[in-house]
Amino acid sequence: MIRLNKYMSEAGVCSRREADRLIEAGRVTVEGKTASLGMQIEEGQKVSLDGKPVQKDSREKTILLAVNKPRGIVCSEVSQGEDVNIIEYLNYPKRITYAGRLDKDSEGLLLMTNRGDIINQMMRASHYHEKEYEVVTDRPFTDRFLQDLAAGVYLSELDVTTRPCQTERLGKRKFRIILTQGLNRQIRRMCRELGVYALEIRRVRIMNIRLGHLKTGTWRNVTEEELAELLHLLEQEGKPEDAVQA
């Protein structure tokens, strides 16, 4: 027996969280009957999403795309009405989904894959995966502002203090920030708490994968070397700390 959301994730359909949303929306069936949250399925049972079969195929080649997401595109599997979601925008011929979101008003590097295990490992906050961003603000900021960002900021809306991070000035109104967590609209909230507004946010790196010179709205296949390094990093981060150090 396996939980339905885990089965869908391992089939590369989406993350477990997104699977739960799809199940809750009544879009998933098991043996022709509408699925329910938390249900488990047996090997060989027929699972469908919007009437299309969901199947795990260990022989399927890994797909991992580096996408330069434009502003205005929503990271979602679900139709957003007038807004275009990333699945609709890419119109990729095989089923893929995103590994880590970018909010609608942000742009830059987004990874898309058919590997649910990669998505699950990358979304584990305990692994401290680095994500690098370039941010343009509404006004010049002080060095103290960067120091306060790096030390961790209490977000009153979420009642949480952000992890310490790395920051670097790139201009009077531009800075680089490297985060190891992914709270909702984190950079915008951090800046706002310190009296500055983030006008533009561009993600340029996720772990070892870099945006480089990829044009806005386009994508490329991650190289075999990049994929191998990424899988190695994820494997090492999934081990107990003492085992990694040994």
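The values are calculated or read from the model by the stated rules, or taken from the named source; none is laboratory data. The model shown is predicted, which means the values in this text are computed figures rather than measured ones. Don't worry about glycine lacking a Cβ; one is built from the backbone with ideal geometry, like all the others, and counts go over all protein chains shown. Accessible surface areas use protein heavy atoms only, side chains included; no ligands, DNA or RNA. Shrake-Rupley method; radii C 1.70, N 1.55, O 1.52, S 1.80 Å.
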Kindly indicate whether Phe141 is open to solvent by less than 20 Å² (accessible area, probe 1.4 Å), assigned to a helix (DSSP H, G or I) and either farther than 29 Å from Tyr98 by Cβ or free of Cβ contacts under 8 Å to residues at least 12 places away in the same chain (or both). no
Determine whether Tyr128 is open to solvent by 60 Å² or more (accessible area, probe 1.4 Å), under 16 Å from Met207 (Cα atoms) and either among the hydroxyl-bearing types (Ser, Thr, Tyr) or at pLDDT 95 or above (or both). yes
I'm checking my understanding of the structure. Among residues of region 186-195 that are of a type outside the set (A, V, I, L, M, F, W, C) and outside any loop (DSSP other than H, G, I, E, B), which one is least open to solvent (accessible area, probe 1.4 Å)? Gln186
Just checking, does region 185-195 include any residue being in contact with a helix residue (DSSP H, G or I) (Cβ under 7 Å, 6 or more places away or on another chain) and at pLDDT below 95? no
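Conditions tested, residue by residue: (1) closer than 30 Å to Asn114 by Cα; (2) under 21 Å from the mean Cα position of the chain (by Cα); (3) β-branched (Val, Ile, Thr).
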{"residue": "Arg139", "(1), (2), (3)": "no, no, no"}
{"residue": "Thr142", "(1), (2), (3)": "no, no, yes"}
{"residue": "Ala150", "(1), (2), (3)": "no, no, no"}
{"residue": "Tyr154", "(1), (2), (3)": "no, no, no"}
{"residue": "Glu193", "(1), (2), (3)": "no, no, no"}
{"residue": "Tyr197", "(1), (2), (3)": "no, no, no"}
{"residue": "Leu211", "(1), (2), (3)": "yes, yes, no"}
{"residue": "Arg220", "(1), (2), (3)": "yes, yes, no"}
In region 5-58, residue farthest from the chain's Cα centre (by Cα) [restricted to those that are part of a loop (DSSP other than H, G, I, E, B), at pLDDT below 85 and of a type in the set (Ser, Thr, Tyr)]: Ser58
Quick one: which of Asp103, Asp117 is more than 16 Å from Trp219 (Cα to Cα), in contact (Cβ under 8 Å) with a residue 24 or more places away in the chain, charged (D, E, K, R) and open to solvent by less than 50 Å² (accessible area, probe 1.4 Å)? Asp103
For region 145-159, what are the residues that are open to solvent by less than 50 Å² (accessible area, probe 1.4 Å) and either of a type in the set (A, V, I, L, M) or assigned to a loop (DSSP other than H, G, I, E, B) (or both)? Leu146, Leu149, Ala150, Gly152, Val153, Leu155
Being within 13 Å of the chain's Cα centre (by Cα), at pLDDT 95 or above, closer than 19 Å to Arg203 by Cα and of a type in the set (Asp, Glu): is that true of Glu107 here? yes
Would you be able to tell me the number of residues in region 196-219 that are open to solvent by less than 60 Å² (accessible area, probe 1.4 Å), in a loop (DSSP other than H, G, I, E, B) and touching a residue at least 24 places away in the same chain (Cβ under 8 Å)? 7
Matching residues, region 160-185, being open to solvent by 90 Å² or more (accessible area, probe 1.4 Å) and under 16 Å from Met207 (Cβ atoms): Gln166
For region 107-118, indicate whether the set of residues that are on the phi < 0 side of the Ramachandran plot, among the basic types (Lys, Arg) and in a loop (DSSP other than H, G, I, E, B) is non-empty. yes
